[in-house]
Amino acid sequence: GDSIPYGTTLTSDNLAYPCVAARALGMGWHNYGVPSSSIAELSGSPGLKTPLSTRYTAMRSDAGVVLVAGGTNDWYYDFTPVGTMADRTVNTFYGALHVLAAGLLGKYTTTPIAFLTPIKRGADPAAVNASGSTLKDYCDIIKEVCGYYSLPVLDMYAESGISPHVAARRA
């Protein structure tokens, strides 16, 4: 994932939600979240971190469950085109999702894999990036590509209960 599962603003990485959830379920965990990372290769900004679509290969191969949380930086740092469902390259958002999903399924042949969409950001929900896409559009693309591979998706954008637009629900 990106900075949200990494727990960037927390006082301890043990407070990041993947770690809290794993403890609650009596599981061990390895948090591979990296702040400022994206799913796609962001060609216009070489200073950003290695994308999920290429760094999954360095993850442990003995995972019991794999959860993927990303996409918010792809929308925010909009240097890379959205692309189309037919893309299979890390240089578009669609393509990078295909590369990541297919790669994870090949690496973890018997391991449950699920994706999480980004949570809402403080921006206006109608805000668009240079590609003319909203954050929700990116969430919909994640659900579309995961549907192609029959991978479950937890829609954190619509169902997390976290909303910057409601004071009592801000994360």
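The values are calculated or read from the model by the stated rules, or taken from the named source; none is laboratory data. Bear in mind that the values here come from a model prediction, so they are computed numbers and not experimental data. Every residue, glycine as well, gets a Cβ built from its backbone with ideal geometry; the counts of neighbours run over all protein chains shown. Heads up: the accessible areas ignore ligands, DNA and RNA and are worked out on the full protein's heavy atoms, side chains in. Shrake-Rupley method; radii C 1.70, N 1.55, O 1.52, S 1.80 Å.
What the table below lists for this structure:
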{"item": "Some residue of the stretch 122-131 being open to solvent by less than 50 Å² (accessible area, probe 1.4 Å) and under 25 Å from A21 (Cα atoms)", "result": "no"}
{"item": "Unique residue being closer than 22 Å to S37 by Cβ and not aromatic (F, W, Y) when the list is D155, D124", "result": "D155"}
{"item": "Meets criteria (at pLDDT 95 or above, of a type outside the set (A, V, I, L, M) and surrounded by 15 or more Cβ atoms within 10 Å (Cβ to Cβ)) for Y76", "result": "no"}
{"item": "Selection within the stretch 54-68 - crowded, with 17+ Cβ neighbours inside 10 Å and in a loop (DSSP other than H, G, I, E, B)", "result": "A63"}
{"item": "L97 being out of contact with any strand residue (DSSP E or B) (no Cβ under 6 Å at 6 or more places or on another chain) and at pLDDT 95 or above", "result": "yes"}
{"item": "Selection count, the stretch 3-35, where residues are at pLDDT 85 or above and either touching a Ser or Thr at 6+ places or on another chain (Cβ under 6 Å) or under 28 Å from G83 (Cβ atoms) (or both)", "result": "4"}
{"item": "Residue in the stretch 90-104 that is out of contact with any Cys (no Cβ under 8 Å at 6 or more places or on another chain), hydroxyl-bearing (S, T, Y) and over 21 Å from T50 (Cα atoms) present", "result": "no"}
{"item": "Out of Y138, Y149, sole residue that is of a type in the set (F, W, Y), surrounded by fewer than 17 Cβ atoms within 10 Å (Cβ to Cβ), modelled with pLDDT of 95 or more and over 15 Å from S53 (Cα atoms)", "result": "Y149"}
{"item": "Matching residues in the stretch 1-53 - criterion: being in a loop (DSSP other than H, G, I, E, B), closer than 11 Å to A69 by Cβ and under 14 Å from the mean Cα position of the chain (by Cα)", "result": "G1, D2, N31, Y32, G33, S37, I39"}
{"item": "Leading residue by the ranking (nearest to Y94 (Cα to Cα)) among those in the stretch 152-171 that are surrounded by 15 or more Cβ atoms within 10 Å (Cβ to Cβ) and among the hydrophobic types (A, V, I, L, M, F, W, C)", "result": "V153"}
{"item": "Failed condition for A40, given (1) out of contact with any Ser or Thr (no Cβ under 6 Å at 6 or more places or on another chain); (2) under 23 Å from P152 (Cβ atoms)", "result": "(1)"}
{"item": "G95 vs. criteria at positive phi and touching a helix residue (DSSP H, G or I) at 6+ places or on another chain (Cβ under 9 Å)", "result": "no"}
{"item": "Subset of the stretch 83-112 (residues that are touching a residue at least 60 places away in the same chain (Cβ under 8 Å) and open to solvent by 40 Å² or more (accessible area, probe 1.4 Å))", "result": "M85"}
{"item": "Any pair with Cβ under 7 angstrom, 6 or more apart, that starts in the stretch 145-169 at a residue that is touching a residue at least 40 places away in the same chain (Cβ under 8 Å) and of a type in the set (F, W, Y) and ends at one that is assigned to a loop (DSSP other than H, G, I, E, B) and surrounded by 15 or more Cβ atoms within 10 Å (Cβ to Cβ)", "result": "Y157/T117; Y157/P118; Y157/I119; Y157/K120"}
